[in-house]
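The values are calculated or read from the model by the stated rules, or taken from the named source; none is laboratory data. Being a predicted model, the structure only gives us computed values, none of them experimental. Neighbour counts run over all protein chains shown; Cβ positions are idealised from the backbone, glycine included.
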Amino acid sequence: MVTLETIVSLAKRRGFVFQGSEIYGGLRSVWDFGPLGIELKRTIKDAWWKYMIQEREDIEGIDTAILMHPAVWQASGHVSGFTDPLVECKTCHNRYREDQLSSNLSKCPDKDCDGDLTESRQFNLMFQTHMGPIQDEGSKIFLRPETAQGIFVNFENVMTATRKKIPFGIGQIGKSFRNEITPGNFIFRTREFEQMEMEFFCEPNKADDWFEYWIDFSLKWFQIIGLEKKNLRKREHSEDERPHYAKAALDIEYQFPWGWGELETINNRSDHDLKNHAEKSGKDLSFFDEDSKERYIPWVVEPAMGADRTVLAVLCDAYREEDLENKDKRVLLKFNPIISPVQVAILPLSKNEKLAKFSSDLYQKLKKSFRCQFDVTQSIGKRYRRQDEIGTPICLTIDFDTVEKDNCVTLRHRDTMEQIRINVKNVEKEIENLLANF
Ligand code: GAP
């Protein structure tokens, strides 16, 4: 199993993820996505949108504001209930989540310190700020800690605008913020992160079935984007672990380098959110079922996953080190091509003018259909290694024969390293075929 240090180092070296504000010494647990990282995250988000929204008739998309009326967070229970138990070391003043310490630990877990810990107190995870120039109680607002509430407050708007009937869902991708006590493990737990959440509104007595349905759907989706089944598992929440809004909750976990960690939670939120928003806003958020002639507040089943955590999982899952026959070692990211940040690399063998022109024309053409990179620097061997290390499934090499003799390019397969010559006329079809059956 790859170490986290190896992934962090590759991520920086190849431009996936950088430390946030690095030139100022960095900001703890804040990360910036570089050119390849943002492509990777975008392909993951696109794959989620495609399977969750675009290809389904029962789910609509939305993009709601990060800033919301403060009453939203009162009604949702986040002001009173979105807390973690915090303890502080009286000597070194490090802070810890009590529920993450081994039970009955009353001393600082830092062995060099061993100071006494304070009593635990509930710490609210929401970031606060002020709206407008006056900073008083009345101007206080929160940065959203989940994208879900933007969906609940728009339930009625979406249902009316799209003439949807229960059951149906609303999904969105967006930033959330949590003032985590113990962020860490690279991009696994951060204070600013992106979520991909879908709230599925259903009949109360169908919620248990939908809960199972969305667990299966999510497990399949993680495998579609390339995660190995053996590295995924389900873990049901115990009653005292569930979020304040959930009647039932189950995590899909991934085997990260440090152990199993949550990738996604599927919550049965019952009518908690719509009922509370209806009560606090005075707006009727019930649904009238024309067939049964019954009026009820829909229940909600929610598959909620993190985009950044999924990036980390696919990086860990794809990482391989292989010994080559010449005793060299190659590092490769065996991404599923649907999420590879670069799908095709175009590599002219030399900087010769004829080769450059041919390769540039090919690049201009192919980049309209595929995520392409053009690379002319260093030896072809080094360029292959570079493309392996960023997970590019296909390399195309253009040589003198290409322009002087046969109009053929060399196509190299990332995983087998096999090379075939193909006529440039057929190259697009061949790439399409290969990417679909990689
Ligand atoms: N709306 C439900 C909800 O927010 P959650 O389990 O708190 O549920 C859903 O969050 C997903 O968001 C998690 O499974 C995880 O992938 C991601 N996530 C939560 N907190 C995170 C953090 N501090 N850093 C990165 N990702 C986080």
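Taking the numbered list (1) surrounded by fewer than 17 Cβ atoms within 10 Å (Cβ to Cβ); (2) over 24 Å from ARG269 (Cα atoms); (3) touching a strand residue (DSSP E or B) at 6+ places or on another chain (Cβ under 7 Å) in turn, GLY61 passes all entries but (2). Flag: HIS272 does not match the condition of being more than 21 Å from the chain's Cα centre (by Cα), surrounded by fewer than 17 Cβ atoms within 10 Å (Cβ to Cβ), within 12 Å of the ligand (Cβ to nearest atom) and not hydroxyl-bearing (Ser, Thr, Tyr). Of the residues making up the range 78-94, those that are closer than 24 Å to PHE142 by Cβ, of a type outside the set (Val, Ile, Thr), modelled with pLDDT under 95 and surrounded by 15 or more Cβ atoms within 10 Å (Cβ to Cβ) number 5.
Under the condition of being crowded, with 17+ Cβ neighbours inside 10 Å and farther than 14 Å from ILE59 by Cα, the residues counted in the range 128-151 number 10. Entry remark, the range 35-81: residues being within 17 Å of PHE200 (Cα to Cα) and of a type in the set (Val, Ile, Thr) number 4 in total.
Is it the case that the range 127-149 has a residue that's touching a residue at least 60 places away in the same chain (Cβ under 8 Å), under 23 Å from SER218 (Cα atoms), part of a helix (DSSP H, G or I) and within 16 Å of the ligand (Cβ to nearest atom)?
Yes, there is a match, as at least one residue in the range 127-149 is touching a residue at least 60 places away in the same chain (Cβ under 8 Å), under 23 Å from SER218 (Cα atoms), part of a helix (DSSP H, G or I) and within 16 Å of the ligand (Cβ to nearest atom).
Looking at the structure I just gave you, is ASN231 farther than 22 Å from ILE339 by Cα, modelled with pLDDT of 95 or more and polar (S, T, N, Q)? For ASN231, the condition - farther than 22 Å from ILE339 by Cα, modelled with pLDDT of 95 or more and polar (S, T, N, Q) - is not met. The residue list ASN352, ASN336 contains one member that is within 22 Å of GLU39 (Cβ to Cβ) and in contact with a Phe, Trp or Tyr (Cβ under 9 Å, 6 or more places away or on another chain), which is ASN336. For the range 354-384, a residue qualifies if it is in contact (Cβ under 8 Å) with a residue 40 or more places away in the chain, surrounded by 16 or more Cβ atoms within 10 Å (Cβ to Cβ) and of a type outside the set (Phe, Trp, Tyr), and the qualifying residues are LEU355, LEU362, LEU366, ARG371. Restricting attention to the range 176-188 and to residues that are part of a strand (DSSP E or B) and touching a Phe, Trp or Tyr at 6+ places or on another chain (Cβ under 7 Å), the residue that is nearest to the ligand (Cβ to nearest atom) turns out to be SER176.
Among the residues of the range 275-306, those identified as more than 16 Å from the ligand (Cβ to nearest atom), farther than 25 Å from PHE217 by Cβ and either charged (D, E, K, R) or touching a residue at least 40 places away in the same chain (Cβ under 8 Å) (or both) are LYS275, GLU279, LYS280, SER281, LYS283, ASP284, LEU285, GLU290, ASP291, LYS293, GLU294, ARG295. One residue stands out in the range 168-190 among those that are out of contact with any Lys or Arg (no Cβ under 8 Å at 6 or more places or on another chain) and more than 30 Å from LYS283 (Cα to Cα): the one that is surrounded by the fewest Cβ atoms within 10 Å (Cβ to Cβ), namely GLY184. Scanning the range 335-343 for residues that are buried (at least 24 other Cβ atoms within 10 Å of the Cβ), within 18 Å of PRO257 (Cα to Cα), more than 16 Å from the ligand (Cβ to nearest atom) and within 23 Å of the chain's Cα centre (by Cα) turns up at least one hit.
So if I check each of GLU353, GLU404, GLU428, which one is of a type in the set (Asp, Glu) and closer than 30 Å to TRP221 by Cβ? Before the answer, list the steps.
Working: GLU353 fails: closer than 30 Å to TRP221 by Cβ; GLU404 fails: closer than 30 Å to TRP221 by Cβ.
Of GLU353, GLU404, GLU428, the one residue that is of a type in the set (Asp, Glu) and closer than 30 Å to TRP221 by Cβ is GLU428.
Would you mind finding the one in LYS50, LYS45 that is in contact (Cβ under 8 Å) with a residue 60 or more places away in the chain and basic (Lys, Arg)? Being in contact (Cβ under 8 Å) with a residue 60 or more places away in the chain and basic (Lys, Arg) holds for just one of LYS50, LYS45, which is LYS45.
Can you confirm whether the range 301-316 contains a residue that is acidic (Asp, Glu) and either in contact with a Gly (Cβ under 7 Å, 6 or more places away or on another chain) or within 22 Å of GLY174 (Cβ to Cβ) (or both)? Yes, there is a match, as at least one residue in the range 301-316 is acidic (Asp, Glu) and either in contact with a Gly (Cβ under 7 Å, 6 or more places away or on another chain) or within 22 Å of GLY174 (Cβ to Cβ) (or both). Just one of (1) modelled with pLDDT under 95; (2) among the polar types (S, T, N, Q); (3) surrounded by 14 or more Cβ atoms within 10 Å (Cβ to Cβ) fails for THR397. It is (1).
Looking at LYS41, LYS111, which is the one that is charged (D, E, K, R) and at pLDDT 90 or above? Spell out the reasoning first.
On the way: LYS111 fails: at pLDDT 90 or above.
Within the list LYS41, LYS111, the selection yields LYS41.
For the range 189-212, filtering for residues that are within 12 Å of the ligand (Cβ to nearest atom) and not aromatic (Phe, Trp, Tyr) leaves 10.
Does THR160 qualify as being part of a helix (DSSP H, G or I), surrounded by fewer than 18 Cβ atoms within 10 Å (Cβ to Cβ) and among the polar types (S, T, N, Q)? Show your work before the answer.
Numbers: part of a helix (DSSP H, G or I): yes; surrounded by fewer than 18 Cβ atoms within 10 Å (Cβ to Cβ): yes; among the polar types (S, T, N, Q): yes.
Spelling it out, THR160 is indeed part of a helix (DSSP H, G or I), surrounded by fewer than 18 Cβ atoms within 10 Å (Cβ to Cβ) and among the polar types (S, T, N, Q).
Against the definition (more than 10 Å from the ligand (Cβ to nearest atom) and either crowded, with 17+ Cβ neighbours inside 10 Å or over 27 Å from GLU294 (Cα atoms) (or both)), how does LYS165 come out, yes or no? Spell out how you get there, then give the answer.
Details: more than 10 Å from the ligand (Cβ to nearest atom): yes; either crowded, with 17+ Cβ neighbours inside 10 Å or over 27 Å from GLU294 (Cα atoms) (or both): no.
No, not satisfied.
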